[in-house]
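Report on the following structure.
The values are calculated or read from the model by the stated rules, or taken from the named source; none is laboratory data. If you're wondering where the values come from, they're calculated on a predicted model, not measured in any experiment. Virtual Cβ from ideal backbone geometry, glycine too; neighbours counted across all protein chains shown. Keep in mind that these areas ignore ligands, DNA and RNA; they rest on the heavy atoms of the full protein, side chains included. Shrake-Rupley method; radii C 1.70, N 1.55, O 1.52, S 1.80 Å.
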Amino acid sequence: MDARDLEALKDAIRCIPDYPKPGVQFRDITTLLGNAPMFRLAIDSLAGPWSDTRLTHVAGIEARGFILGGAVAQRVGAGFVPIRKKGKLPHETVRVAYSLEYGIDEMEMHRDALQPGERVLLIDDLIATGGTAEAAVKLLRTLGAEIVAACFVIDLPELGGARRLEALGVPVHSLVAFQGH
Ligand code: AMP
């Protein structure tokens with residue numbers, strides 16, 4: 001992506017100060033999704049590096065990871081697998097607990113969603129502390145999947161999430177970075 005595209009993509013992401021609580025700059029991608037050329041640029045840029053890589057699936061994290069992940073899966077010719085908040089999937093699941101700022105939550109995948117050795121790209125809109133993506137990595141590995149990389153539209157580098165995933169042996173690709181929380 002050239003510098004002009006990068007700036008255009010950043011400009012298409014709305015920042016909502018102090019949402020959902022004081023001190024947080026919420027990076028709202030609905031403005032990017034609603035802008036056809038920018039949505040296309042984001043999907044092209046997320047999918048582009050993998051055009052010559054064998055991928056069986058894209059796994060998207062609920063909920064914004066579904067929108068991006070479904071489009072990327074189509075582009076790279078892979079299946080799509082949802083990683084959901086607990087209690088939403090109808091068949092037998094595997095589950096992992098992870099820490100949020102206050103308390104813990106759990107996420108799930110269908111136990112039969114992936115076979116050992118299948119090659120997966122993990123997608124979400126944003127990586128902050130990396131806690132959510134790390135939980136997703138654990139779930140995918142529980143099923144024996146090989147995680148080719150984790151891809152995000154936005155990285156908040158000050159929060160260290162990319163380093164946390166790379167320490168687990170997962171390459172991280174992000175399109176844009178913003179300073180702060
Ligand atoms: P984390 O587990 O800390 O990496 O947080 C990542 C998850 O929380 C992603 O699913 C994001 O959609 C959401 N998130 C965290 N911080 C923000 C933020 N500043 N703006 C928008 N979404 C965020």
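Taking first residues from region 1-18 that are closer than 18 Å to Gly48 by Cβ and partners that are charged (D, E, K, R), the Cβ contacts under 9 Å between residues at least 6 apart in sequence or on separate chains come to Met1/Asp44.
Only one of these is open to solvent by less than 60 Å² (accessible area, probe 1.4 Å) and within 11 Å of the ligand (Cβ to nearest atom): Ala59, Ala63, Ala42, Ala12. Name it. Of the residues listed, the single one that is open to solvent by less than 60 Å² (accessible area, probe 1.4 Å) and within 11 Å of the ligand (Cβ to nearest atom) is Ala63. Could you check how many residues of region 97-128 are in contact with a His (Cβ under 9 Å, 6 or more places away or on another chain), open to solvent by 10 Å² or more (accessible area, probe 1.4 Å) and closer than 17 Å to Val148 by Cα? The total comes to 3.
In region 130-149, what residues are away from the ligand (no atom under 16 Å from the Cβ), more than 12 Å from Ala59 (Cβ to Cβ) and either open to solvent by less than 10 Å² (accessible area, probe 1.4 Å) or assigned to a helix (DSSP H, G or I) (or both)? Within region 130-149, Thr142 is the sole residue that qualifies. Counting the residues of region 100-129 that are out of contact with any Cys (no Cβ under 9 Å at 6 or more places or on another chain) and in a strand (DSSP E or B) gives 12. Among the residues of region 25-39, those that are surrounded by fewer than 17 Cβ atoms within 10 Å (Cβ to Cβ) and in a helix (DSSP H, G or I) comprise Thr30, Thr31, Ala36, Pro37.
The single condition among (1) within 15 Å of the ligand (Cβ to nearest atom); (2) of a type in the set (Ser, Thr, Tyr); (3) within 18 Å of Val137 (Cβ to Cβ) that Thr93 does not meet is (1).
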